[in-house]
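Heads up: the structure comes next, in structure tokens.
What follows draws every value from the coordinates through simple rules; no lab data is involved. The model shown is predicted, which means the values in this text are computed figures rather than measured ones. Don't worry about glycine lacking a Cβ; one is built from the backbone with ideal geometry, like all the others, and counts go over all protein chains shown.
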Amino acid sequence: MPSAIGQTSSNDSLSLNGSWKFHTIYGQGSDYLRIDEQEGDIILDNSSEKVEVKGNWTVSSVGDRESGFYGKDYLKTYITSSDESQRVVFSPDLPQSGDYEVFVRFPFGIHLSAKVSLHHDGGIDDQYFSQRALCDEWLSMGIFQLSPEGVSLTVSADSPGQVTADAVMFRPVDSAKLQEAKKELQMAYSPSLDDQSWNDLKVPGHWGMLNEYSNYTGKGWYRKSFRLPSSWKSLKGHKALLKFEGVYHVAKVYLNGEYIGQHRGGFTPFEFEVSDELLAKGENLLAVEADNNPLVGATWNWGGIIREVYLVRSPEVRILRHQVQASPDLDQHTASIRWMVELENASSVPKDLKLVSSIWNEQSRVQGHAELTLAPSDSQQVFLELTLNADQLKLWHFDEPNLYTIESKLMAAGKEISTITERFGIRKISLTDSSLLLNGEPVRLAGLNRVSDHRYYGSSEPADFLREDLLKMKELGVNFTRIMHGTQNRKLLELCDELGIMVIEEVNVRDLENYEFTAPEYPLVRQWLKEMIQRDINHPSIVGWSVGNELADHYDYARDMMAYVKSSLDSSRLVSCVSNTGWREDATRETDPNTFVDIILHNHYPFQGELDGVLKRIRSVWPEKPVFISEFGLDRLATASRDEDIPELDAYIQQIRKQNTFVIGASQWTYNDYRSTYIGTDQEENRTWGAVNAWRQKRPLYQRIQRLNSPVNDIRIKGQPGEASPLKLEIPIKSPDDYPAYAMRNYSLELNYYGPSGNIIHQEIQELPDLHPGDADWQGSAEAVEGGQTPIRLVANLRSPMGIIRYQKILDYSAPSAPVISSIIPGNGQLRVLFEKQFGASQHYIHYKVNGKSMKSAPSYDTYIDLKDLENGQSYDLKLIAVNGQGESPASALMAASPDGKPLPPVLWKGMIADGKLIIGYSGEVNDESYTLRYGNSPDQLDQEITEITRGMMVVDLPNQRGLYYQLRRKVAGQESHWSALQQIDPRGEGK
């Protein structure tokens, strides 16, 4: 079994990130988008006479949750146990013995682990499928050698839940092609293989960065050649460690043709010692087989080497890791720092050692040290302790996230042999039955869940992208979050430390019936918890751990796993298990693991009933425990449009404002849209829950959440900036029982006055006194705008000490100027009107006439408006009007256009250049067959063209090219759409 990664000195580290070779081998995976029925396929629908139904199954001709299905109907049942009597058996008539690829197809079913058993000459092959995802698609089970006698396929389940059965398909396979694939597999990890024909793929990354693997599920092979640094003349007295931060989901590792080991679990780090397999001279060949088959939950399985890889030359006597526990005395303003340093002696002789640890920040530096003798082939934990005085202590807080550095050096015979460096923070988290206290102050905090997902970067987001995301989340009022299901990217947690976001980190356990888990000990889960907590234990942003999300029948599991965390891994933090069951009538202290949690983490959605009633039910059973709403959502947004909002959110939040005060915070689902195969996902494969879309573009929902998640109720501004008398300012502060509520120290009020061209003509910044929940409204004034300039807009920003906007108020002093229609694209009974936003406009709408009747489109925050339900061939006169807080603009110049019966092109969400690639994000609709991109270096020479079936995103290699122009169209039911409006990528790689 691999061991978890510890910190190490960068001086002896060789990065293996960057370009790798990537390839898939026939028979090891499939892409459901590219599976079409073909001549020779043997298909059995549930209505076939070759299908035997055992048990109580119902025939249904309506798919649940609008799911499609094969043929005229399908079967469904509710399995109450693992009784084999409840099953559907498909028995095909195979024409002859041979190799067949076997497929199954399901409509939506509740079960997360439906069991599909293929009975054949070689035995029984069991596989498990979530029936909530990839509904009504052909899903490959793999290639098998089958004979006509005795082959059958059974659909059932090993655990209770609703199961569906619909259709299966057996496809004859070219044996010669399969034999060639087997030879290829034997060579995949061989140093002698010429891999120049393989794809180039970035690490960290995922294989969905390549169009042909956008929807691929299965095994993919990575290869990388490298030489050891010249400074590594010898490994004598050292050992070589190959370290992976994350491979999704199962990794098999080979070095120079030798099998090194395997790791299961895509989000946690692992390492192997490879001293004996490395070549000191010449090329080393590292090969990794990554398998993303296990599908868990509603998020995407981003397959591949998703996080960093590096080789470390480590001394035989080394520091393995730090574990720092800082305990502040808030009355004395001091802090006790106690830390453990784990040492290892892998040599064959005892070692006399000196350990020196230094702790510092910008103001101070302190040291602790110890001397010891470490026996051969042994490890030891050394504990050190010191106290910081009032001058040395700076507490970590979400508004002022002060950090310290700890560096430990191990010395032998006066020579430094091992060093590790980490950061930590000093803060105190405590609970009462109704409150959360941070550094002794009660706080009620807002949050948003963030799915580790971007349409191009997948779950391999680079540090600068993560920073941009977290800054937006801070701007949305996020101070506390159970961020998502699964161990987070190390870089994200480092940024949470720096930016001040409190996190409950969760192990990736979403279904205890997952075939990977073994009850009652769940050794794999314990491994994941250990890998996660040992890596992340020193992050001050992490205030708690969660052992799972929305589990069923989990009383024993949650109790035992939380006890394991507290007793063996970390006794200093909160421990919980995210629940959506504690509100039920059958949930009691004796049946629900909320009894054992430090803080109740509850996910609330509308099917449970009104939030107020759910909270009161939970409180009646566990009155001694505060509640954090770890997820809440009213419903998915109706479309992927950048115009989407949730006006009902105000009333929802009202249920925890000045009531249900035992709720110490709430985290909305979600900050971002994310890719998914879950039922109901839109045609571009994104779940539309976000304040920003999958390309991080803001919706009106963004401003709504920012307002609701502010510690103040408003910024009131009275008067006119052009008047001689100063503006009167007022900031009403939320009360202690309001939501959110916390003290504001070192905040400022920034007033920006804008002229007609959008430039700031005057700025004023006022430092505010300390403001506490329940304080009287702050009152002040603003000086007059100088120079006789008349502003058209005032933007007032309440900023935290870090410069984060905590509330924004926009006042317009004149209506917008007339907008301009840039182009109109005709469609089938539709017109798409495109325009550019001008400064001072909040929304736009189209005025037009239908049969002499004046019509107005819905207002849009975007740069286009689609008019629907029009008549092809009829001419329509269109005018564009801009709107802001002072009213409407004059109308644009009149333009006429006629729908022509051709489809509209996709909406272009985003164009960018990254990693030497042109990346285009676009919309999708149900009947889309393909998408064609044309591009070039000038607007009148789009001489490159590519057609793909990939939904939502297309990627094109662009070596040494910048300043590109492009257009996109789609094919719908055999008909080509119009081209989109011409777009440009500027030299910095961003779309205009």
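Given in Å, the Rg to one decimal and the Dmax to the nearest whole number for the Cα atoms of region 578-650 are 14.4, 47. Give the total of Lys-Lys pairs in region 458-583 with Cα-Cα distances below 28 Å; include a pair only if its members are 8 or more places apart or on different chains. Summing the qualifying lysine pairs gives 5.
Kirkwood analysis of the chain, using all unique Cα-Cα pairs, places the hydrodynamic radius at 31.3 Å. Of the peptides 454-467, 102-115, the ranking by mean beta-carbon count within 10 Å, highest at the top, reads 102-115, 454-467.
Computed FRET efficiency, Cβ-Cβ of residue 783 and residue 898, R0 35 Å: what is it to the nearest 0.05? Don't skip to the answer; put the middle values down first.
Numbers: r = 55 Å, r/R0 = 1.57.
That gives a FRET efficiency of 0.05.
Ranked by how many other Cβ atoms sit within 10 Å of their own Cβ, fewest first, the residues 57, 300, 360 fall in the order 360, 57, 300.
Taking amide H as placed 1.01 Å from N in the peptide plane, the amide H of residue 964 sits under 5 Å from that of 985, each at least 5 places away or on another chain. Starting from the Cα of residue 521, step 7 Å along the direction of its Cβ; do the same at residue 226; then give the gap between the two resulting points in nm. Reported label-point gap for residue 521 and residue 226 is 3.4 nm.
The distance from the alpha carbon centre of region 86-123 to that of region 257-325 is 35 Å, rounded to a whole number. Taken over region 908-984, the percentage of Cα pairs per 10 Å bin, counting from 0 up to the bin with the maximum distance, is 19, 55, 23, 2. Computed over the alpha-carbon atoms, region 862-992 gives an Rg to Rh ratio of 1.02, Rh here being the Kirkwood radius from the mean inverse distance.
Under the criterion of Cα pairs below 8 Å and six or more residues apart, the relative contact order for region 33-173 equals 35 percent. Given in Å, the Rg to one decimal and the Dmax to the nearest whole number for the Cα atoms of region 284-440 are 20.5, 59. Rounded to whole Å, give me the distance from the Cα center of region 572-647 to that of region 780-833. Between the Cα centre of region 572-647 and that of region 780-833, the gap is 38 Å.
A simple spin-label model places pseudo-atoms 7 Å from Cα toward Cβ; at residue 33 and residue 648 they are separated by 3.2 nm.
The overall shape of region 433-708 is rounded: from the C-alpha gyration tensor, with semi-axes ordered a ≥ b ≥ c, the ratio a/c is less than 1.5.
Ordering of 28-34, 868-874 by packing is 28-34, 868-874, highest average first (other Cβ atoms within 10 Å, averaged per residue).
Tell me, what is the FRET efficiency for residue 380 and residue 589 to the nearest 0.05, using R0 = 41 angstrom and their Cβ-Cβ distance as r? The pair residue 380/residue 589 has a calculated efficiency of 0.45. The phi torsions of region 378-394, fed into the Karplus equation with coefficients 6.51, -1.76 and 1.60 and a -60° offset, translate into couplings of 9, 10, 8, 9, 10, 10, 10, 8, 7, 10, 8, 8, 4, 6, 8, 8, 10 Hz, rounded to whole numbers, with Gly and Pro shown as x. Classify region 642-744 as rounded, prolate or oblate from the Cα gyration tensor: take a ≥ b ≥ c as the square roots of its eigenvalues, call it rounded if a/c is under 1.5, otherwise prolate when a/b beats b/c and oblate if not. It comes out oblate by the Cα gyration axes. Relative to the current alpha-carbon distance between residue 119 and residue 605, full extension at 0.36 nm per residue lengthens the span by 170.9 nm.
Put a dot 7 Å past the Cα of residue 235, heading toward its Cβ, do the same for residue 54, and the two dots end up 5.3 nm apart.
The relative contact order of the chain, computed from alpha carbon pairs under 8 Å that lie at least 6 residues apart in sequence, is 8 percent. Per-residue 3J(HN,Hα) values for region 45-55, derived from phi via the Karplus relation 6.51 cos²θ - 1.76 cosθ + 1.60 with θ = phi - 60°, read 8, 4, 7, 5, 5, 8, 10, 10, 9, 10, x Hz in sequence order (x marks Gly and Pro).
Rounded to two decimals, the Cα-based Rg/Rh of region 33-173, with Kirkwood Rh, is 0.94.
Computed 3J(HN,Hα) for region 564-569, one whole-Hz value per residue from the Karplus formula 6.51 cos²θ - 1.76 cosθ + 1.60 where θ = phi - 60°, is 4, 4, 5, 7, 10, 10, glycine and proline marked x. Across all directions, the average projected area of the convex hull around the alpha carbons of region 170-238 is 8.1 nm². Helix content alone sets the calculated 222 nm mean residue ellipticity of the chain: runs of n ≥ 4 DSSP H residues at -39500 (n - 2.57) each, divided across all residues, give -2500 deg cm²/dmol. Given a Förster distance of 25 angstrom, what is the FRET efficiency for residue 891 paired with residue 871, based on the Cβ-Cβ distance and rounded to 0.05? Once the sixth-power term is evaluated, E becomes 0.60. Select from region 685-787 those GluC sites (Glu not before Pro) which occupy a DSSP coil region and have at most 10 other Cβ atoms within 10 Å, ordered by residue number. Of the GluC sites (Glu not before Pro), the ones in loops of region 685-787 whose Cβ has at most 10 other Cβ atoms within 10 Å are 723, 786. Spatial offset of region 710-758 relative to region 922-959 amounts to 46 Å, using the alpha carbon center of each.
Let me know the shape class of region 802-934, please: from the alpha-carbon gyration tensor, a ≥ b ≥ c as square roots of the eigenvalues, rounded when a/c is under 1.5, otherwise prolate if a/b is greater than b/c, or oblate. Verdict is oblate for region 802-934.
Compared with the rule-of-thumb size 2.2 N^0.38 Å for a compact globular protein, region 516-611 has a Cα radius of gyration ratio of 1.12.
Annotation: peptides 631-639, 215-223, ranked by per-residue average of other Cβ atoms within 10 Å with the highest first, follow the order 215-223, 631-639. Rg over Rh for region 716-812 works out to 1.00, both radii taken from alpha-carbon positions and Rh defined as the Kirkwood radius.
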